[in-house]
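First the structure, in the form of structure tokens, and then the observations on it.
The values are calculated or read from the model by the stated rules, or taken from the named source; none is laboratory data. All of these numbers come straight from a predicted model, not from anything done at the bench. When we count neighbours, we look across all protein chains shown, and the Cβ atoms used for this are built from the backbone with ideal geometry, even at glycine.
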Amino acid sequence: MSSVLLVVEHRNGKTKTATLNALTFAQQAAKKLEAKLCLLVIGNAVQDIAASLRPFGADMIYLVEDESLEHCTAETWGHVTAEVAKQCDAVFVGMNSGTTGRNLMPRVAAKLDAGMITDLIEFDGEDYIREMWAGNAQATLAVVTPITVATIQGTAFATAEPSGEDSLITLLEIPVPETRTRFLEMRETRSDRPDATEARVVVSGGRGMKGPENFKLIEDLTDLFGGAVGASRAAVDSGWISNDFQVGQTGKNVAPDLYVAVGISGAIQHLAGMKNSKVIVAINKDEDAPIFEVADAGLVADLFKIMPELTEALKNELE
Amino acid sequence: MKILATVKRVTDPDMKIKVKEDGSGIDLSSISFKVNPFDEIAVEESLKIKETHGGEVVVVGVGSRNAQTEIRYGLSMGADRGIHVQTEGYMDSDVVARILKSVIEIEQPDLVLLGKQAVDDDNNQVAQLLAEYLGWGQACFASKIDITNSTARVEREVDGGIEVIEMDLPGIVSADLRLNEPRYPALPDVMKANKKELKIYNSSELGVEMQPKVIVKQLAEPPRRKGGCIVPDVPALIRWLKEEAKVI
């Protein structure tokens, strides 16, 4: 029997939430393709991660462990993923979107001679749907190869809940080849706040923030909710905040319960990364800013005056 | 050091695009084109590496005859010569990667720089596919590149921070936003670019099978979000968040 194989992304011993969103998609895809659902956990000493995924209803969890697999390089993880895909007769191999999946999955596609769909949002059992042109067009795509490889846009699917069934774990021995790239170090963005892709509330600042020091206004507001900080490309381009915070076509795709856009005009490429948020609030002094065309509620005002007032009033409200 | 950089002709990312009513494509009637912004960053970085380490920068474009405009733009930025692989009609990322592979086998560069994604199809695949087809290493989403002898030390923009890797050369790098600030060519450079060598291949000459693996069946306008209300002040916004949106 053929399989749908989902590669698990994890960090610091925990499965990424976006993987659980992709898992919802993989469950649906396995049904539509009448295939088994298999998960693949790759890493060094990651049996706890595999064990934590046992109640999610997969037919099989494959575990591949090696010291050389501690950091995800496209060469090593790509090799392992392609080998496991062959062993479980995968017709679909996917991973949640993000820099890890985007770096890795095309390499897997090339190994399996498979067509690849980047950031799919829908699958009807035959065709795939994804966005192009910064979200201004939705494309229906057909893959003509026997295997499809994809990254899955987490914001398009609900987070999978444990169903109680107990999946089997199979340990596979896969020799890791010599590679032409070596991991040197990871410099983590130090933050007590959640990642924008995983937060319930995201407050983002744009060109209107006028400088890095003013992002304090964004932080003060988002901290009331335990939320995340985001930024437009204009703010990143100006060097006010690291690219890791960028929301948009060339940054992160987020869909929180509440998205607050502050001093963001709403360029096409920014809207691409946040237009699926449940509730959007925009604060901008330019009443013609395109952000107001997608915002559920807009406040035309000077952000430097309004942000402290809003934070103060919300603090009282939430207490 | 010989560096190959790609230049893709894309619809101007600052223009609002519209899907044709029959869903067969994008309405290009009033759209202008330019170099994919991430490719511009790749060309700039190639020129910077050449300035430090010497060598040659070759810009490569794949597509219709019009793609030569963007190759010339790369030449006006300062690349030494251009290559145009002339093709007609639709290509998926896989076809483009296989075409680039055959060009690389002819040119044998030490380093290949590409934009991390094209801002039209947003696929983010070619650099990675190409690395696998060549059996080379890949350093995607680069924000800093240091070349030493036969390796490149690359800082990568990844979720959660910066990852630093070392890659043997020859290798593939894809450029992210903060790698550099691309230069604007001055008028004399534009004139000079017209005289630079531009070699033209067609895909059959390179022996590349043009069969795509992914086919675009249809394009559609995405569901539009309707704009909501404008609230006059902070108390009204808080009331709205509480009573209408029910998020607090």
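Of the residues making up the stretch A:272-309, those that are part of a loop (DSSP other than H, G, I, E, B) and farther than 28 Å from B:Val119 by Cβ are A:Lys285, A:Glu287, A:Ala301, A:Asp302. Looking at the structure I just gave you, is A:Glu312 over 20 Å from A:Phe225 (Cα atoms), assigned to a helix (DSSP H, G or I) and either facing chain B (nearest Cβ under 9 Å) or touching a residue at least 40 places away in the same chain (Cβ under 8 Å) (or both)? When the stated conditions are applied, A:Glu312 does not pass them. Go through (1) part of a loop (DSSP other than H, G, I, E, B); (2) among the polar types (S, T, N, Q); (3) surrounded by 21 or more Cβ atoms within 10 Å (Cβ to Cβ) for A:Gln269 and report which single condition fails. Against the list (1) part of a loop (DSSP other than H, G, I, E, B); (2) among the polar types (S, T, N, Q); (3) surrounded by 21 or more Cβ atoms within 10 Å (Cβ to Cβ), A:Gln269 comes up short only on (1).
Can you find a residue that is of a type in the set (Gly, Ala, Ser) and touching a Phe, Trp or Tyr at 6+ places or on another chain (Cβ under 9 Å) anywhere in the stretch B:113-135?
Start the filter on the stretch B:113-135 by keeping residues that are of a type in the set (Gly, Ala, Ser), which leaves B:115, B:118, B:127, B:131, B:135.
So of that shortlist, the ones also touching a Phe, Trp or Tyr at 6+ places or on another chain (Cβ under 9 Å) come out as B:115, B:118.
Yes, there is a match, as at least one residue in the stretch B:113-135 is of a type in the set (Gly, Ala, Ser) and touching a Phe, Trp or Tyr at 6+ places or on another chain (Cβ under 9 Å).
Out of everything in the stretch A:174-200 that is of a type in the set (D, E, K, R) and in a loop (DSSP other than H, G, I, E, B), what residue ends up being nearest to the chain's Cα centre (by Cα)?
Looking only at the stretch A:174-200, we keep the residues that are of a type in the set (D, E, K, R), and these are A:178, A:180, A:182, A:185, A:187-188, A:190, A:192-193, A:195, A:198, A:200.
Filter once more, so that each one left must be in a loop (DSSP other than H, G, I, E, B): A:178, A:180, A:190, A:192-193, A:195, A:198, A:200.
Details: A:Glu178: 29, A:Arg180: 27, A:Arg190: 19, A:Asp192: 19, A:Arg193: 16, A:Asp195: 10, A:Glu198: 8, A:Arg200: 14 Å.
The residue in question is A:Glu198.
Contact map, the stretch A:273-294: residues that are in contact (Cβ under 8 Å) with a residue 12 or more places away in the chain paired with residues that are hydroxyl-bearing (Ser, Thr, Tyr) and outside any loop (DSSP other than H, G, I, E, B), Cβ distance under 6 Å, separation 6+ or inter-chain. Pairs shown: A:Met274/A:Tyr259; A:Asn276/A:Thr155; A:Ser277/A:Tyr259; A:Ile280/A:Tyr259.
Quick check: is even one residue across the stretch A:115-124 in contact (Cβ under 8 Å) with a residue 60 or more places away in the chain, more than 13 Å from chain B (Cβ to nearest Cβ), in contact with a Gly (Cβ under 9 Å, 6 or more places away or on another chain) and at negative phi? Write out each step before concluding.
Within the stretch A:115-124, the first condition is being in contact (Cβ under 8 Å) with a residue 60 or more places away in the chain, and the residues that meet it are A:119-120, A:123-124.
Those left that are additionally more than 13 Å from chain B (Cβ to nearest Cβ): A:123.
Now narrow it down to the ones that are in contact with a Gly (Cβ under 9 Å, 6 or more places away or on another chain): none.
The answer is no, given that none of the residues of the stretch A:115-124 is in contact (Cβ under 8 Å) with a residue 60 or more places away in the chain, more than 13 Å from chain B (Cβ to nearest Cβ), in contact with a Gly (Cβ under 9 Å, 6 or more places away or on another chain) and at negative phi.
Could you please let me know if B:Gly135 is within 13 Å of chain A (Cβ to nearest Cβ) and either in contact with a strand residue (DSSP E or B) (Cβ under 9 Å, 6 or more places away or on another chain) or within 18 Å of B:Tyr201 (Cβ to Cβ) (or both)? The answer is no for B:Gly135. Within the bounds of the stretch A:251-266, is there any residue that is surrounded by fewer than 24 Cβ atoms within 10 Å (Cβ to Cβ), within 10 Å of chain B (Cβ to nearest Cβ) and more than 25 Å from A:Ala18 (Cα to Cα)? No, because not a single residue in the stretch A:251-266 is surrounded by fewer than 24 Cβ atoms within 10 Å (Cβ to Cβ), within 10 Å of chain B (Cβ to nearest Cβ) and more than 25 Å from A:Ala18 (Cα to Cα).
Looking for something facing chain A (nearest Cβ under 7 Å) and modelled with pLDDT of 95 or more - is there at least one such residue anywhere in the stretch B:189-210? The answer is no, given that none of the residues of the stretch B:189-210 is facing chain A (nearest Cβ under 7 Å) and modelled with pLDDT of 95 or more. Here are B:Ile41, B:Ile17, B:Ile31, B:Ile49: which of them is more than 14 Å from the chain's Cα centre (by Cα) and within 23 Å of B:Gln128 (Cα to Cα)? From the options B:Ile41, B:Ile17, B:Ile31, B:Ile49, the qualifying one is B:Ile49.
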